[in-house]
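The values are calculated or read from the model by the stated rules, or taken from the named source; none is laboratory data. Worth saying up front: this structure is predicted, and the values here are computed from it rather than measured. Counting neighbours? That spans all protein chains shown, and the Cβs are built from the backbone with ideal geometry, glycine included.
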Amino acid sequence: MSFAMLVATLGGAGRLRPGPGTFGSAVVLPLVLLGPLACLALAALLCVAGYWAATQVAADPQEDPGWFVADEGVGMLLALAALPAAGWLGVVLAFALFRVFDIAKPWPVSWADRQPGAFGIMLDDVIAGAMAAGLLLLLGSLAPEVLR
(Lines give C-alpha, C1' and ligand atoms only; values in the text may rest on other atoms or scores of the structure.)
Protein backbone atom coordinates (compact mmCIF):
# COMPACT_ATOMS: atom_id res chain seq x y z
CA MET A 1 0.00 0.00 0.00
CA SER A 2 1.42 3.39 -0.96
CA PHE A 3 1.90 6.18 1.56
CA ALA A 4 -0.82 8.24 -0.18
CA MET A 5 -3.26 5.33 0.17
CA LEU A 6 -2.28 4.88 3.83
CA VAL A 7 -3.13 8.54 4.46
CA ALA A 8 -6.31 8.38 2.37
CA THR A 9 -7.65 5.34 4.24
CA LEU A 10 -6.25 6.36 7.64
CA GLY A 11 -4.18 3.23 7.85
CA GLY A 12 -6.84 1.04 6.27
CA ALA A 13 -9.91 2.18 8.23
CA GLY A 14 -11.50 3.33 4.97
CA ARG A 15 -11.52 -0.26 3.74
CA LEU A 16 -13.68 -1.46 6.67
CA ARG A 17 -17.35 -2.17 6.04
CA PRO A 18 -20.04 -1.17 6.63
CA GLY A 19 -19.67 2.58 7.01
CA PRO A 20 -16.06 3.42 6.21
CA GLY A 21 -16.70 7.07 7.11
CA THR A 22 -17.78 6.04 10.59
CA PHE A 23 -14.65 3.93 11.00
CA GLY A 24 -12.53 6.81 9.68
CA SER A 25 -14.09 9.11 12.26
CA ALA A 26 -13.68 6.59 15.07
CA VAL A 27 -10.01 5.85 14.41
CA VAL A 28 -8.97 9.35 15.54
CA LEU A 29 -11.08 9.37 18.73
CA PRO A 30 -8.21 8.33 21.05
CA LEU A 31 -6.35 11.48 20.00
CA VAL A 32 -8.74 13.49 22.19
CA LEU A 33 -6.51 12.42 25.09
CA LEU A 34 -3.78 14.71 23.69
CA GLY A 35 -5.94 17.79 24.31
CA PRO A 36 -7.65 20.43 22.18
CA LEU A 37 -4.54 22.14 20.80
CA ALA A 38 -3.02 18.85 19.71
CA CYS A 39 -6.31 17.87 18.01
CA LEU A 40 -6.37 21.20 16.19
CA ALA A 41 -2.74 20.86 15.09
CA LEU A 42 -3.29 17.26 13.97
CA ALA A 43 -6.40 18.34 12.04
CA ALA A 44 -4.35 20.93 10.17
CA LEU A 45 -1.59 18.43 9.43
CA LEU A 46 -4.03 15.75 8.30
CA CYS A 47 -5.88 18.30 6.17
CA VAL A 48 -2.71 19.07 4.21
CA ALA A 49 -1.77 15.39 3.99
CA GLY A 50 -5.31 14.41 3.00
CA TYR A 51 -5.43 17.03 0.25
CA TRP A 52 -2.15 15.71 -1.10
CA ALA A 53 -3.35 12.11 -0.86
CA ALA A 54 -6.58 12.98 -2.69
CA THR A 55 -4.57 14.38 -5.59
CA GLN A 56 -2.63 11.11 -5.72
CA VAL A 57 -5.24 8.39 -5.30
CA ALA A 58 -8.67 9.68 -6.37
CA ALA A 59 -9.35 8.10 -9.77
CA ASP A 60 -12.16 10.56 -10.52
CA PRO A 61 -11.26 13.96 -9.07
CA GLN A 62 -14.96 14.91 -9.13
CA GLU A 63 -15.94 12.11 -6.75
CA ASP A 64 -15.22 11.47 -3.06
CA PRO A 65 -14.66 7.70 -2.90
CA GLY A 66 -16.14 5.98 0.14
CA TRP A 67 -12.80 4.49 1.15
CA PHE A 68 -11.19 7.94 1.29
CA VAL A 69 -11.57 8.81 4.99
CA ALA A 70 -8.73 11.24 5.72
CA ASP A 71 -11.36 13.97 5.42
CA GLU A 72 -13.46 12.31 8.13
CA GLY A 73 -10.38 12.23 10.35
CA VAL A 74 -9.90 15.97 9.87
CA GLY A 75 -13.52 16.79 10.61
CA MET A 76 -13.59 14.59 13.70
CA LEU A 77 -10.36 16.14 15.00
CA LEU A 78 -11.86 19.61 14.56
CA ALA A 79 -14.89 18.58 16.60
CA LEU A 80 -12.67 17.04 19.28
CA ALA A 81 -10.60 20.24 19.44
CA ALA A 82 -13.69 22.02 20.80
CA LEU A 83 -13.78 19.85 23.91
CA PRO A 84 -12.23 21.31 27.06
CA ALA A 85 -11.35 17.82 28.36
CA ALA A 86 -11.64 14.21 27.26
CA GLY A 87 -14.90 13.40 29.03
CA TRP A 88 -16.78 10.46 27.54
CA LEU A 89 -20.05 12.36 27.02
CA GLY A 90 -18.28 15.16 25.19
CA VAL A 91 -16.52 12.66 22.92
CA VAL A 92 -19.82 10.89 22.18
CA LEU A 93 -21.50 14.22 21.39
CA ALA A 94 -18.60 15.32 19.19
CA PHE A 95 -18.74 12.02 17.29
CA ALA A 96 -22.53 12.12 16.90
CA LEU A 97 -22.66 15.77 15.81
CA PHE A 98 -19.88 15.36 13.28
CA ARG A 99 -21.41 12.20 11.79
CA VAL A 100 -24.86 13.83 11.55
CA PHE A 101 -23.45 16.86 9.73
CA ASP A 102 -21.28 14.66 7.51
CA ILE A 103 -24.13 12.33 6.54
CA ALA A 104 -27.06 14.79 6.38
CA LYS A 105 -24.94 17.44 4.63
CA PRO A 106 -26.87 20.57 5.60
CA TRP A 107 -25.80 23.81 3.94
CA PRO A 108 -22.88 24.77 3.73
CA VAL A 109 -21.64 21.14 3.91
CA SER A 110 -23.75 20.30 0.87
CA TRP A 111 -22.25 23.20 -1.06
CA ALA A 112 -18.71 22.10 -0.17
CA ASP A 113 -19.52 18.52 -1.15
CA ARG A 114 -20.21 19.71 -4.71
CA GLN A 115 -16.82 21.40 -5.13
CA PRO A 116 -14.46 19.68 -7.55
CA GLY A 117 -11.28 17.76 -6.90
CA ALA A 118 -9.25 17.32 -3.75
CA PHE A 119 -10.56 20.65 -2.45
CA GLY A 120 -14.15 19.37 -2.46
CA ILE A 121 -13.18 15.95 -1.11
CA MET A 122 -11.68 17.60 1.97
CA LEU A 123 -13.83 20.71 2.42
CA ASP A 124 -17.22 19.17 3.22
CA ASP A 125 -15.81 17.32 6.22
CA VAL A 126 -13.80 20.33 7.38
CA ILE A 127 -17.02 22.34 7.43
CA ALA A 128 -18.99 19.52 9.11
CA GLY A 129 -16.28 19.31 11.79
CA ALA A 130 -16.27 23.08 12.25
CA MET A 131 -20.06 23.09 12.61
CA ALA A 132 -19.89 20.32 15.21
CA ALA A 133 -17.14 22.24 17.02
CA GLY A 134 -19.22 25.39 17.00
CA LEU A 135 -22.16 23.61 18.61
CA LEU A 136 -19.89 21.99 21.16
CA LEU A 137 -18.36 25.35 22.06
CA LEU A 138 -21.84 26.83 22.46
CA LEU A 139 -22.94 23.90 24.61
CA GLY A 140 -19.73 24.18 26.62
CA SER A 141 -20.42 27.83 27.37
CA LEU A 142 -24.02 27.14 28.40
CA ALA A 143 -23.49 23.85 30.27
CA PRO A 144 -19.76 23.12 30.66
CA GLU A 145 -20.35 20.14 32.95
CA VAL A 146 -21.94 18.23 30.06
CA LEU A 147 -18.71 18.07 28.06
CA ARG A 148 -16.38 17.08 30.90
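Enumerate the pairs (first residue in the range 131-148 and within 16 Å of Ala79 (Cβ to Cβ) and without any contact (Cβ under 8 Å) to a residue 12 or more places away in the chain; second residue anywhere and hydrophobic (A, V, I, L, M, F, W, C) and surrounded by 14 or more Cβ atoms within 10 Å (Cβ to Cβ)) with beta-carbon separation below 9 Å, excluding pairs fewer than 6 apart on the same chain, so at least 6 apart or on different chains.
As it stands, the answer is none, since no pair meets every condition given.
Could you identify the single residue in Gly129, Gly134, Gly140 that is at pLDDT below 95 and either of a type in the set (Gly, Ala, Ser) or in a loop (DSSP other than H, G, I, E, B) (or both)?
Details: Gly129 fails: at pLDDT below 95; Gly134 fails: at pLDDT below 95.
Being at pLDDT below 95 and either of a type in the set (Gly, Ala, Ser) or in a loop (DSSP other than H, G, I, E, B) (or both) holds for just one of Gly129, Gly134, Gly140, which is Gly140.
Being more than 15 Å from the chain's Cα centre (by Cα) and surrounded by 16 or more Cβ atoms within 10 Å (Cβ to Cβ) is the filter here, so list the residues in the range 54-64 that pass it.
Applying the first criterion (more than 15 Å from the chain's Cα centre (by Cα)) to the range 54-64 yields 55-63.
Correct list: Val57, Ala58.
Of Val92, Val69, Val109, which residue is among the β-branched types (Val, Ile, Thr), under 15 Å from the mean Cα position of the chain (by Cα) and surrounded by fewer than 17 Cβ atoms within 10 Å (Cβ to Cβ)?
Working: Val69 fails: surrounded by fewer than 17 Cβ atoms within 10 Å (Cβ to Cβ); Val109 fails: surrounded by fewer than 17 Cβ atoms within 10 Å (Cβ to Cβ).
Selected residue: Val92, the only one of Val92, Val69, Val109 that is among the β-branched types (Val, Ile, Thr), under 15 Å from the mean Cα position of the chain (by Cα) and surrounded by fewer than 17 Cβ atoms within 10 Å (Cβ to Cβ).
Going by what's in this entry, would Leu10 be described as part of a loop (DSSP other than H, G, I, E, B), of a type outside the set (D, E, K, R), touching a Gly at 6+ places or on another chain (Cβ under 8 Å) and surrounded by 15 or more Cβ atoms within 10 Å (Cβ to Cβ)? Write out each step before concluding.
Working: part of a loop (DSSP other than H, G, I, E, B): yes; of a type outside the set (D, E, K, R): yes; touching a Gly at 6+ places or on another chain (Cβ under 8 Å): yes; surrounded by 15 or more Cβ atoms within 10 Å (Cβ to Cβ): yes.
Considered against the rule, which asks whether it is part of a loop (DSSP other than H, G, I, E, B), of a type outside the set (D, E, K, R), touching a Gly at 6+ places or on another chain (Cβ under 8 Å) and surrounded by 15 or more Cβ atoms within 10 Å (Cβ to Cβ), Leu10 comes out as yes.
Residue under question is Met76, and the condition is that it be in contact with a Phe, Trp or Tyr (Cβ under 9 Å, 6 or more places away or on another chain) and over 18 Å from Ala118 (Cβ atoms); does it hold?
yes
Test each condition in (1) assigned to a helix (DSSP H, G or I); (2) within 20 Å of Gly19 (Cα to Cα) for Val146 and report the one that comes out false.
Every condition holds for Val146 apart from (2).
Can you work out which of the residues in the range 73-89 that are at pLDDT 95 or above and of a type outside the set (A, V, I, L, M) is farthest from the chain's Cα centre (by Cα)?
My answer is Gly73.
Could you pull out the residue among Ala82, Ala38, Ala43 that is of a type outside the set (S, T, N, Q), surrounded by 21 or more Cβ atoms within 10 Å (Cβ to Cβ) and either in contact with a Lys or Arg (Cβ under 8 Å, 6 or more places away or on another chain) or more than 19 Å from Gly21 (Cβ to Cβ) (or both)?
Details: Ala38 fails: surrounded by 21 or more Cβ atoms within 10 Å (Cβ to Cβ); Ala43 fails: either in contact with a Lys or Arg (Cβ under 8 Å, 6 or more places away or on another chain) or more than 19 Å from Gly21 (Cβ to Cβ) (or both).
Just one listed residue meets the conditions, Ala82.
Please tell me if Pro116 is surrounded by fewer than 17 Cβ atoms within 10 Å (Cβ to Cβ), touching a residue at least 24 places away in the same chain (Cβ under 8 Å) and within 18 Å of Val32 (Cα to Cα). Full working, then the answer.
Numbers: surrounded by fewer than 17 Cβ atoms within 10 Å (Cβ to Cβ): yes; touching a residue at least 24 places away in the same chain (Cβ under 8 Å): yes; within 18 Å of Val32 (Cα to Cα): no.
Criteria not met by Pro116.
Based on this model, can you work out whether Ser2 counts as touching a residue at least 60 places away in the same chain (Cβ under 8 Å) and of a type in the set (S, T, N, Q)? Reasoning before the result, please.
On the way: touching a residue at least 60 places away in the same chain (Cβ under 8 Å): no; of a type in the set (S, T, N, Q): yes.
When the stated conditions are applied, Ser2 does not pass them.
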